[in-house]
Every structure is written in C-alpha cells, then in structure tokens.
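K.L.:
Pasting a structure below so you can have a look.
Any read-out appearing in this document is the output of simple, stated calculations on the displayed coordinates, not a laboratory observation. Given the structure is predicted, the values throughout are model-derived calculations rather than measurements. For neighbour counting, all protein chains shown are included, and Cβ atoms are generated from backbone atoms with ideal geometry for every residue, glycine included.
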C-alpha cells in the first residue's frame, strides 16, 4: 500500500514538473500589419504554419538581439544585421565570434518576408524559419550548437514564459530550435520598408529631381532615346529585386572551375548556376555599403562603373550584363535614383527595437 | 415505406453523381521544347542555317485563356493562365487540369501566347507570393506589361564556332498578344487524357529562310524585332500524337 502511495505521489510530482508553464495564460494576439507598410510591396507572404502574433514577434525580437545564440555569448543576429544599416553590418565580409571573416557580405533583412525564391546569396534556405537555423551552428558565424542554445533557453528566467505566450507550450522542455526559428521568422517578417521617396513620387506625393528622373529612366529603360542601364531586369519593382540568381560578371572566370565562389551552384549543382548570386534588393541600398556578395565595392559609383563596363566575360554571365556606354550624367543619375529608395520608417516600429537597450 | 422511398431517392442521387463523374476526366497538358524533331537541349551548340553557332539557356512563356473546342463548336475553359518554363524539363512541362474536362471529341486547343489584356493590366503586386504572376522578373515597368516570353542564350561572334556572347529576346505588351490554335482532333476520355504540344525552337532563329540576327532585344524601341520573334514562337506549336 505504501508503494502505491509512493508511486502515485511520484507520478503527481513528475506530472506537475512536466507542466511548469500551464498556469501562464496563452492568449496570443494576432499581429496586425499596417496596410501602409505593404501597400507598395504587395501581399505579405505569411505561412499558415507560422501566423504572426505579437507574442511570437516579441519573442523573436528578444532572441534576435540576445547573444544567447553564440558560443561565446558575445554575438547576436543583430551583430551582423544592424537595424540602422537596413539590417546589414557595414562590413565587406561579416566577422564571426572568433574574429574570423565569413566568405560573404551580410545581406539586408529588410522585406525578407518577400524573398520567396531562397535566402542567403545562394538561396540555400527556402524560408525564414530554415534560414534562422543555420548561422548558429556555422563554425565561423555563431559557432554554437542548437542543443546548448535550447538548454540555455529552457533554463532562462524569462524565455520559457515567452515561449508559452507565443506558442502555448505547457512545459519549458517543449522549447525547441524549430520554435525558436519560428519566433525569429515572425520577427524578420515584419521588417518592412516600402515608403521611400520613390514610392511617394509614384503616388504623386513629392517630386524627383532631374538627376533622379534621369536615373529612373536609365534604370528602367523608360526612354528609348537613352542608353539602357539594364538595371530593372534583375532589380525590378516592387522589391527592386526579381528574387532570381545571376552571374553579373563580377568574378574573373574563364571556365566554371575558375569561380572563386560558385554561388547558386552550391544548391543546385548545375553548371549553368556557377557564379550566380541572388540579386539583392536595392531598397535602402544607400545604407547597405559595401556592395556585392563579397563587399568589393565601397560606393554605389563603383557599382555603376562595374555594370557600365560589362564586367568579366564569365561562362555564365547574364546576357544583360554587357558594356553599357552610359553617359556621365546617366551614371550620376543612377546613383541619385538609387538613393531615393531609402526608407527607414521601419525603425519606428517598437517591435524592431533592441529590447535590451 | 417512407424509408424505402428515401433509400431509392438516395440511390438515384448517387447514381446521378456517379454518372456525372464519369462524364469528366483529368487532363494533362504537356508542352515539350523541340529543336527540329529533337528535344531541345539547353547550353548545347546549334548551328543556324547559313548563320552562326548559338546556344539556348532559357526558354519560357506565359499562356492564358486556355480552352478546348469540341467537335460541335462548344468551348471548354481549361485555365486562366500558366507559365511554361522549360528549364528543368525541356522534354515536357506538365500542366494538370483536374477532373473538369468533359469526355468527348475535341477539334482544337486554343490559348493566348502571353497574358490577355485584363491580366496584363495588373502587376506582380496584385498577386500573392506563390502565384507565377507575382514574379517581378517577368514584369517590365517600362512597358507596363508582363514579359510574355523569355528566350536567352549565347552566340558566336568571333567566328570560332563557340558561342560566347549573350543574346536575349524578351517579348510583351498588349499589342503583340495573339491566340494560338492547334488542331488536336482527338477523343479525350479517362484513358486518353494527355495533350502534348511541341514548340519547335529552330524556326525562331530564321526569317524567311535567312538567319536572324542575335542581340539584346527587349525594349519598346525595338518592338519590330521582338514582335517578329513572338510571332515565330506563336506559329510553331504542333500537337504530338
């Protein structure tokens, strides 16, 4: 009889241990995206498996800015994705926890919800929830293990409650890397920027200067009498990226074996994808220097010069990357036009602020 | 007695339903990219008759208002629009139409090459991310138009027989849009429910028996060139039996 009582007692004890969060209310509040934020960008893609809630975003916000994801406790996602630099880091190549350089430049996270044809320069992650998993275990980036991260989150004084409020878990043992990635995905999905000077001009609010207009006409080949900048093919509205992959003649390569960075081919293993990178969005491009996947150009003027020259005749160079013969005025205009794509209104969203400052 | 009547009614109803199901079928519409009589091979050197060596690295196009015309002249709408992209399967891009094609004899299939004016009046921002018309890489702001077709590749400019210089032809705009009708003269039923259409790329590069020039053809100032190319796409569909 004593054994029975003991068994029942232990069972009740264990049962109560397994439900350490159940007394915390789980009433997630749907996050309402401001229609003005997406008006110029299109329908915001939100996966049914990860609907936006204020609690989910709040959790993602904390994790994004918390160095808990790094092995040394010194770096967070925000170390390479600073809000004021359109969520890039201002470096040619990002630097990881051990001070080692990564092989590519940090990409902007602005409007990342719309990057539906793959993330990273080579598109190796299909969606934000997949992408969020990779930097943690990258030896150069955060150099940590998800097992340890999850253990740290479980024993943290606040995160279990936040996971409960975001995802309804009943016990801190239910915290997983997948839930963590969902929170980060929600957070990144609301980094929206679509109210630039250009957007307002399109709606007849405000004007562009003559220089900016010349750049616009060159960018989109609006005026057949002008030399075509060929920019809009890969950097088209509304995101100023087509979300596709191109070899822009940046790397010197006579054969596919010569590419220093094979880019998209890492994922597809196709010869025709060697050297191709995802065309980055040009929204907020004035904030995201230096440019290209390896950060080789410090200014937009250098970028324009590269495309005007046609770059290197690589095996997979896109046909639209060729010598352009733009006038000096057109080159100046292109830079001026690209600067009209700046919009930092997302900084005013309290969900995107660093919660630890 | 009431139960018997109800049962009979249900049986009749199910019977009707079954009959309805048997009157329609799935249909696979398959497009295959040809070069002459062979399946097109991307990044393979072809020789223009009387012209230069060249390769094709991309070939795709939109179709819209796809419909079948029955022997009695009635039309069956199959779909509003789709994109046919041969990148991953030049031997057959399959578009499945689920269970709404009446079994019967059909004379022809008709579709617009590109997007009809109603669709083309919209832009990527109007479509959700998973829709082919959301792809801004297929919208050209300078035309206020979707790009109806993209063909790209390289051609030989230095005479060594090795294609090294890029060429593209992108077409679009309402005023070049036209419909293509291909005679299929076929009975469609549950056992015979595939329509395979071949699009021969070889004639794209010839104009009245002479080799067409390669170049970068996509801007409104060069409409004559891309309209000619568009017409050669439209004129070279055929049914594969």
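K.L.:
Looking at the protein assembly as shown, what % of the alpha carbon pairs are farther apart than 35 Å?
P.N.:
49 percent
K.L.:
Within a 10 angstrom radius of each residue's Cβ in A:41-48, how many Cβ atoms of other chains show up on average? Whole number is fine.
P.N.:
That average works out to 3.
K.L.:
Against the longest principal axis of chain B, how steep is helix B:2-22, in degrees 0 to 90 to the nearest 10, with axes from Cα atoms?
P.N.:
So the helix axis and the longest Cα principal axis differ by about 20 degrees.
K.L.:
Sort B:216, B:188 so the one with the fewest other Cβ atoms within 10 Å of its own Cβ comes first.
P.N.:
Placing the least packed residue first, the sequence is B:216, B:188.
K.L.:
How would the stretch A:21-193 be classified by its alpha-carbon gyration tensor: rounded, prolate or oblate, with rounded meaning a/c under 1.5 and the a/b versus b/c comparison settling the rest?
P.N.:
Here the stretch A:21-193 falls in the oblate category.
K.L.:
Do you know the relative contact order of chain A, to the nearest whole percent, from alpha carbon pairs under 8 angstrom that are 6+ apart?
P.N.:
Relative CO of chain A lands at 21 percent.
K.L.:
Compute the angle between helix A:210-220 and the longest alpha-carbon principal axis of chain A, please, reported from 0 to 90 degrees and rounded to the nearest 10.
P.N.:
Once rounded, one gets 80 degrees.
K.L.:
State whether the stretch B:43-202 is rounded, prolate or oblate according to the following rule on the C-alpha gyration tensor (a ≥ b ≥ c being the square roots of its eigenvalues): a/c under 1.5 gives rounded; otherwise a/b larger than b/c gives prolate, and the remaining case gives oblate.
P.N.:
Note, shape of the stretch B:43-202 comes out oblate.
K.L.:
Further, regarding this structure: Cα axis of helix B:223-234 to longest principal axis of chain B: angle in degrees, 0 to 90, nearest 10?
P.N.:
It works out to around 50 degrees.
K.L.:
Would you mind telling me which residue in B:198, B:33, B:141 has the biggest mean-square fluctuation in a Gaussian network model of chain B, where springs connect alpha carbons within a distance under 10 angstrom?
P.N.:
Looking only at B:198, B:33, B:141, the biggest GNM fluctuation is shown by B:141.
K.L.:
Then there is this: Residue B:235 versus residue A:349, label points 7 Å from Cα toward the beta carbon: distance in nm?
P.N.:
Calculated label separation equals 5.2 nm.
K.L.:
Right, here's the next one. Calculate the all-directions average of the projected area of the stretch A:153-252's alpha-carbon convex hull, and give it in nm².
P.N.:
Reported value for the Cα convex hull: 11.8 nm².
K.L.:
How would the stretch B:16-115 be classified by its alpha-carbon gyration tensor: rounded, prolate or oblate, with rounded meaning a/c under 1.5 and the a/b versus b/c comparison settling the rest?
P.N.:
Since a/c reaches 1.5 and a/b is larger than b/c, the shape of the stretch B:16-115 is classed as prolate.
K.L.:
Test of understanding: in a Gaussian network model of chain A with alpha carbons linked when under 10 Å, which of A:43, A:190, A:169 would top the mean-square fluctuation ranking?
P.N.:
For chain A, modelled as a Gaussian network with Cα springs under 10 Å, the answer is A:43.
K.L.:
If you wrap a convex hull around the Cα atoms of the stretch A:235-328, how much volume per residue is inside, in Å³?
P.N.:
101 Å³
K.L.:
Taking the Cα centre of each part, how many Å lie between the stretch A:72-135 and the stretch B:106-175?
P.N.:
Each part's Cα centre sits 32 Å from the other's.
K.L.:
Stokes-Einstein D for chain A at 4 °C, 1.567 mPa s, Kirkwood Rh over Cα pairs, in µm²/s?
P.N.:
For these conditions, the coefficient is 58 µm²/s.
K.L.:
Still on this structure, I have one more. Need one value for A:197-203: mean number of C-beta atoms belonging to other chains within 10 Å of its residues' C-beta atoms.
P.N.:
The per-residue average across the peptide is 0.
K.L.:
Which whole number gives the average, over all residues in B:152-159, of C-beta atoms from other chains lying within 10 Å of the residue C-beta?
P.N.:
Averaged over the peptide's residues, the number is 1.
K.L.:
If each residue of separation counts as 0.36 nm, what is the full-extension length gain between residue A:138 and residue A:171 once their alpha-carbon separation is subtracted?
P.N.:
9.0 nm
K.L.:
Given a cut-off of under 8 Å on Cα pairs at least six residues apart, what relative contact order in percent is computed for the stretch A:197-339?
P.N.:
Relative contact order, the stretch A:197-339: 30 percent.
K.L.:
Arrange A:74, B:25 by Cβ neighbour counts within 10 Å, fewest through most, would you?
P.N.:
By the 10 Å Cβ count, ascending, the order reads A:74, B:25.
K.L.:
Here's another thing I want to ask about it. Just want the ordering: A:197, A:276, A:48, from fewest to most Cβ atoms lying within 10 Å of their own Cβ.
P.N.:
By the 10 Å Cβ count, ascending, the order reads A:48, A:197, A:276.
K.L.:
Taking chain A as a Gaussian network, where each spring joins two C-alpha atoms under 10 Å apart, which residue of A:272, A:242, A:281 fluctuates the most?
P.N.:
A:272
K.L.:
Next up: In whole Å, what is the distance between the alpha-carbon centres of the stretch B:177-230 and the stretch A:212-256?
P.N.:
If you average the Cα positions of each part, the centres end up 27 Å apart.
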